[in-house]
Amino acid sequence: MKHIIILGDGMADEPIEALGGKTPMQYANTPYMDKLAELGVTGQMKTVADGFHPGSEVANMAVLGYDLPKVYEGRGVLEAASIGVTLQPGEMAMRCNLICVEGDILKNHSSGHISTGEADELIRFLNEKLGSDRVKFHTGVSYRHLLVIKGGDKRLDCTPPHDVPLHPFKPLMVKAEVPEAGETAGLLNELILKSQEILADHPINKKRIAAGKDPANSIWPWSPGYRPAMQTMQEMYGFKKGAVISAVDLIRGIGVYAGLEVINVEGATGLWNTNYEGKAHAALEALKTNDFVYLHVEASDEAGHEGDVDLKVKTIEYLDNRAIRIIYEELQKWDEPVGIAILPDHPTPCAIRTHTNTPVPFLIYKPGIQPDSVTRFDEFSVLDGKYGVLEKDLFIKEFLKE
């Protein structure tokens, strides 16, 4: 049997008054998720290990069955792998957002979802002005980039910028957790402030301001780490070939370390306007030559970070109709059985615009499986599901077993 996980990043939420006390998953019209829930078995998964921040890197690695205390090294190292940057011993990688600040306020974490083309020009400029033998900036996608520091000490207290929109940024700058990391913290904070000086009048930002868009007028480094010691999923679970499909460098980087082929899809943006159909067809094509496919769709998470309830509902409906429907209907024509699992990685409630560590709903469908009593797929219906709450690698092992 082949297997595909379809992950709607940040899809879970809390009841919202504007939706009549329903969550976006409950409110959305999702006939294909509901059909798979009715035909399959359901439950909840605890995707955020105790003591860990509910970041997408933590949650997605947990979904794939990794033991976080043993392998976790932050986002930066995963994004380095995704864009082909091989970390050397002694090098520390960090996610480096291009953010928008207004006065002393961190306005948003994405510079108004700046384009990769604009961002690349700014990252090259930063490398020219602030880079050195020790400090290197690398272009990623949209607002998500990479900073590599030789000899950096990762024992730092860093705040994810998507957690603190509209907060004063200075109290949130990098802090050393131990005295030995003080020099690294000082260097990073100096880079933040210098970036604000040199980005303010850059032609890209002048053009964005003139067009009514948020400028990318500061860097924000966070999530430091060194190269992780991760086994591949083939080593852990015994299948031969696997693939990952995502617009997000972070997820693609997890895929690299997990031994999965990274598949690019034209028009995959990580936003509500991503190429859902292209991703679905790419996943089906990948299933022909792979035993396992991880299809990751970011859109609902970004809608949650924006606090946009209507958009979040729309992204969930798009995932159902424009991706899951295509995959499900095509697989009905195949002779070879394929197992399907669907779940979020973590909630991103619109009310608070950041991630939480609440367990998420999941469904598992395999041809011939004995269904439980659940007939809808949402945060509350699965409380009546077969599995209760699964932790650590129990979900992936249950899904992959024949």
Task: the chain - mean residue ellipticity at 222 nm from DSSP helices (-39,500 (n - 2.57) per run, n ≥ 4, rounded to 500) - done: -9500 deg cm²/dmol
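Suppose the chain between Leu193 and Glu14 were pulled fully straight at 0.36 nm per residue; how much longer would it get relative to their current alpha carbon spacing? Intermediate values should be presented prior to the final figure.
On the way: separation 179, 0.36 × 179 = 64.44 nm, distance 3.68 nm.
So the chain would gain 60.8 nm between Leu193 and Glu14.
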Open item on the list: Could you order the peptides 227-236, 135-144 from most to least packed, using the average number of other C-beta atoms within 10 Å per residue?
Closed with: 135-144, 227-236
Open item on the list: Tell me which DSSP H helices of the chain clear both cut-offs, 24 Å or more of axial length from alpha-carbon atoms and a mean Kyte-Doolittle hydropathy of at least 0.0.
Closed with: 182-199
Open item on the list: So for each of 2-9, 32-39, 116-123 I average, over its residues, the number of other beta carbons within 10 Å; can you give me the resulting order with the highest mean first?
Closed with: 2-9, 32-39, 116-123
TODO: For every other residue with a beta carbon closer than 11 angstrom to the beta carbon of Val85, add +1 if it is Lys or Arg and -1 if Asp or Glu, then tell me the sum.
DONE: -1
Open item on the list: Can you give the local net charge around Pro24? Use residues other than it whose beta-carbon is closer than 11 angstrom to its beta-carbon, Lys and Arg +1, Asp and Glu -1.
Closed with: -4
- [ ] For Lys136, list the lysines whose Cα falls under 22 Å from its own Cα; do not include residues on the same chain fewer than 8 positions away.
- [x] Lys150, Lys154, Lys175, Lys194
Task: Taking the chain and dividing mean pair separation by its residue count, relative contact order in percent (alpha carbons under 8 Å, at least six apart) - done: 33 percent
Task: Relative packing of 178-186, 18-26, 244-252, which averages over residues the other C-beta atoms within 10 Å, highest first - done: 244-252, 18-26, 178-186
TODO: Have a look at Lys107, Lys206, Lys154 and tell me which one the Gaussian network model of the chain (Cα, springs below 10 Å) gives the largest fluctuation.
DONE: Lys206
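Every read-out reported here was derived from the displayed coordinates using simple, explicitly stated rules and does not represent laboratory data. As the structure is a prediction and not an experimental result, all values here were calculated from the model. Don't worry about glycine lacking a Cβ; one is built from the backbone with ideal geometry, like all the others, and counts go over all protein chains shown.
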